[in-house]
Amino acid sequence: MARIGILTGGGDCPGLNPVIRAVVRKALLEGYEITGIKNGWKGLVENDTMRLDINTVSGILPKGGTILGTSRTNPYKKEGDLQKVKDNFKKMGLDALVAVGGEDTLGVASKLVKEGLPIVGVPKTIDNDLSATDYTFGFDTALNVAMECIDRLHTTAESHHRIMVAEVMGRHAGWIALEAGIAGGADVILIPEIPIDLDEVCNIIKKRHARGKTFSIVVVSEGAQFKDGSMVTQEKKLDAFGHVRLGGIGEELAAQIEKKTGYETRVSVLGHIQRGGSPTAFDRVLGTRLGVKAVELIKNKKFGKMVALAGIKIIDVPLEEAVKALKTVDMELYDIAKVFFG
Ligand code: F6P
């Protein structure tokens with residue numbers, strides 16, 4: 001009997017458990033055995049596995065996070081780890097692997113395919129920044145959480161006549177800020193794709209106040225930068241994939257807005273709240289469809305592919321294509337958001 005392994009890597013996100021459940025259920029139905037690999041690529045380096053069967057995945061559909069655990073381990077970073085991955089792949093008796101992750105996890109998967117490992121990728125990230133798929137699962141949930149937070153900020157901003165800055169995640173793509181800002185009726189939306197023009201932001205707010213509004217909501221993406229400044233980070237240390245920890249732009253922005261406008265300004269950093277909790281129906285359905293399709297690809301020996309959403313269809317695309325460039329925001333959508341600024 002052939003055996004499929006599954007791992008989840010990178011930042012967790014709502015929808016991972018629906019994917020795991022779908023892969024297990026479809027694999028069992030097709031007569032495969034299945035091995036859960038713990039904590040992303042770390043589990044393959046350390047030969048750390050868990051049993052996955054119909055009972056293990058029962059009841060996990062509405063749960064956030066991942067029952068397999070995750071890590072940001074990069075097996076290409078430390079000497080010897082790559083060989084361990086290859087050796088453990090054999091020791092686990094795997095005939096195929098489903099790698100569920102974002103840019104980093106799938107980047108590793110794409111390289112391992114070139115070394116001859118039979119891998120299929122499933123795209124996940126709240127950031128929605130993967131090319132070759134219309135949406136990644138996790139994004140819709142994060143978006144809805146951010147929207148609800150913006151709604152909540154509205155009521156307190158209005159009562160206190162304040163400006164509220166909401167800092168959202170998204171790394172170097174402004175999808176969460178842009179769509180949560182549109183859905184939550186933000187008065188200004190600032191994204192990494194467009195440098196922040198502080199004078200313009202303050203003018204928009206002042207004009208709004210001049211027409212009688214006593215509060216404003218500003219949504220800023222963690223990766224946004226001032227026109228003449230650099231990216232605001234939590235610490236300079238890089239992770240195994242060379243990323244810095246972003247965060248802090250909201251604080252700086254709020255201070256500058258208060259100074260320039262004279263209006264009382266507060267900041268809320270939504271942080272990991274956006275990544276936690278139960279997946280939305282959209283993410284549960286998308287995760288389920290992607291998981292089932294991943295097993296179909298394995299059955300047809302279509303390795304080196306990533307399952308993806310194209311319109312309303314689930315298709316497969318080369319893994320390489322998915323990781324070659326970051327998918328930044330659609331400027332047509334940004335122009336729509338601008339109609340409601342101020
Ligand atoms: O990639 C998902 C994400 O949540 C980004 O939006 C954010 O910058 C990063 O992960 C945070 O990572 P960590 O959980 O390691 O702090």
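The values are calculated or read from the model by the stated rules, or taken from the named source; none is laboratory data. Keep in mind the model is a prediction, meaning the values are calculated, not measured. Counting neighbours? That spans all protein chains shown, and the Cβs are built from the backbone with ideal geometry, glycine included. Heads up: the accessible areas ignore ligands, DNA and RNA and are worked out on the full protein's heavy atoms, side chains in. Shrake-Rupley method; radii C 1.70, N 1.55, O 1.52, S 1.80 Å.
Annotations for the structure displayed:
- Asp53 of a type in the set (Asp, Glu), surrounded by fewer than 21 Cβ atoms within 10 Å (Cβ to Cβ) and part of a loop (DSSP other than H, G, I, E, B): yes
- Matching residues in the stretch 178-229 - criterion: being open to solvent by less than 40 Å² (accessible area, probe 1.4 Å), away from the ligand (no atom under 16 Å from the Cβ) and of a type in the set (S, T, N, Q): Ser216
A quick yes/no check of all residues on (1) touching an Asp or Glu at 6+ places or on another chain (Cβ under 9 Å); (2) within 16 Å of the ligand (Cβ to nearest atom):
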{"residue": "Ala2", "(1), (2)": "yes, no"}
{"residue": "Asp12", "(1), (2)": "no, yes"}
{"residue": "Leu29", "(1), (2)": "no, no"}
{"residue": "Ile37", "(1), (2)": "yes, no"}
{"residue": "Met50", "(1), (2)": "no, no"}
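- Taking each residue of the stretch 99-118 that is in the same structural domain as Val85 (by TED's automatic domain parsing) and under 18 Å from Ile20 (Cα atoms) and looking for partners that are among the hydroxyl-bearing types (Ser, Thr, Tyr) and surrounded by 24 or more Cβ atoms within 10 Å (Cβ to Cβ) with beta-carbon atoms closer than 7 Å, six or more apart or interchain, yields Ala99/Thr105; Val100/Thr8; Gly101/Thr8; Gly102/Thr125.
- Checking each residue of the stretch 14-30 against the condition of being more than 29 Å from Val145 (Cα to Cα), in a loop (DSSP other than H, G, I, E, B) and modelled with pLDDT of 95 or more gives at least one match.
- If you go through the stretch 57-96 and keep only what is in a loop (DSSP other than H, G, I, E, B), surrounded by fewer than 17 Cβ atoms within 10 Å (Cβ to Cβ) and free of Cβ contacts under 8 Å to residues at least 40 places away in the same chain, you end up with Ser58, Gly59, Tyr76, Lys78, Glu79, Gly80.
- Residue match in the stretch 144-161 (condition: open to solvent by less than 10 Å² (accessible area, probe 1.4 Å), within 25 Å of Met331 (Cβ to Cβ) and not in a strand (DSSP E or B)): yes
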